[in-house]
Amino acid sequence: MNKTFITIIVVLIVAVAVITIGGKLGKKATAPVPSTTQTQTQQQPQQTGTTSATKETVVNVTVTKSGFNPQTVTIKAGTKVIWQNQSGDMATVNSDPHPTHQIYPPLNLNGFANGASVQLVFDKPGTYGYHNHLNPGQTGTVVVQ
């Protein structure tokens, strides 16, 4: 009888744990998830090779099959650059030089899937070269004034 009683208690504890964890997971799954893409509407990239931002706080760069568009952006310090992957493949944003990525480590944003985005706020003036590590011929430059 002792074994049966212990088995029933263990089964009840496991059942309560499963119900409790399942209830918490269900609540997390239904909670709204904040979107990081909502701030991307302030400026659309120009289809030319260069764009410039004067009062904008966000600049968008699109990753396509042929590379970064625009390839060069000129911004003020404190501006956020968002790279949106529309290449159909995995892409990366990594600091030059390839393959060591050592010139500006904060720019090593690594891989992101098609449809996803990565972002970085540039606080210091300078010229920052970057590339797609998975396709090193795809390069870009951020000029911070």
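The values are calculated or read from the model by the stated rules, or taken from the named source; none is laboratory data. All figures in this text were calculated on a predicted structure; none of them were measured in a lab. Virtual Cβ from ideal backbone geometry, glycine too; neighbours counted across all protein chains shown.
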Qualifying positions in the range 73-106 - over 16 Å from residue 145 (Cα atoms), at pLDDT 95 or above and aliphatic (A, V, I, L, M) = 82, 90, 91, 93
Mind checking whether some residue in the range 72-85 is over 18 Å from residue 58 (Cβ atoms), in contact (Cβ under 8 Å) with a residue 12 or more places away in the chain and assigned by TED's automatic domain parsing to the domain that holds residue 61?
-> no
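What number of residues in the range 53-72 are of a type in the set (Gly, Ala, Ser) and either modelled with pLDDT under 95 or in a strand (DSSP E or B) (or both)? Walk me through it before giving the result.
Applying the first criterion (of a type in the set (Gly, Ala, Ser)) to the range 53-72 yields 53, 66-67.
Now restrict to residues that are either modelled with pLDDT under 95 or in a strand (DSSP E or B) (or both): 53, 67.
Total meeting the criteria: 2.
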From the set of residues in the range 89-133 that are β-branched (Val, Ile, Thr) and touching a strand residue (DSSP E or B) at 6+ places or on another chain (Cβ under 6 Å), which is nearest to residue 58 (Cα to Cα)?
-> 121
